[in-house]
Amino acid sequence: MRILGIDYGDSRVGVAVSDLLGLTAQGVGTIKNTGKRKLLEDLKDIIDQYDPETIVIGLPKNMDGSEGFRVDATRKFAQQLSEIYSGKIEFVDERLTTMGAARYLNTTNTRGKRRKNIIDTVSACLILESYLSKNK
């Protein structure tokens, strides 16, 4: 069964999916977050396509491990996601995923508009890979 990884943000939501064996993560894409209804419709299409047994969402904790307002927004998003998805939803600490994604994109010399469009997808892949490596 597949696992879906999500990097939730106010402007963009990155999505990644595991292979059928749950060993690797591949980017699905980035969805513009233009409002709850449209976002949930777009995610429902992806959920229907991949039929994941679990959805993993990055939890943006502060560097000291405390939870701030971004964690609250992410938990609210997970609650909304449960309106269209009845499977298991889990959270993964994503403290350094955006930095890791930026480092990866620097290595591949991805710049400008392309970088902006892909960084959330790369972050979703890193969130999912973190989950997969802990649950092997």
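Taking all protein chains together, Glu67, Glu83 sort by accessible area into Glu83, Glu67, largest first [probe 1.4 Å].
Rg and Dmax of the range 4-68, both derived from C-alpha coordinates alone, stand at 12.9, 37 Å.
The values are calculated or read from the model by the stated rules, or taken from the named source; none is laboratory data. Computed from a predicted structure; not experimentally measured. Ligands, DNA and RNA are excluded from the accessible area calculation, which covers all protein heavy atoms including side chains. Shrake-Rupley method; radii C 1.70, N 1.55, O 1.52, S 1.80 Å.
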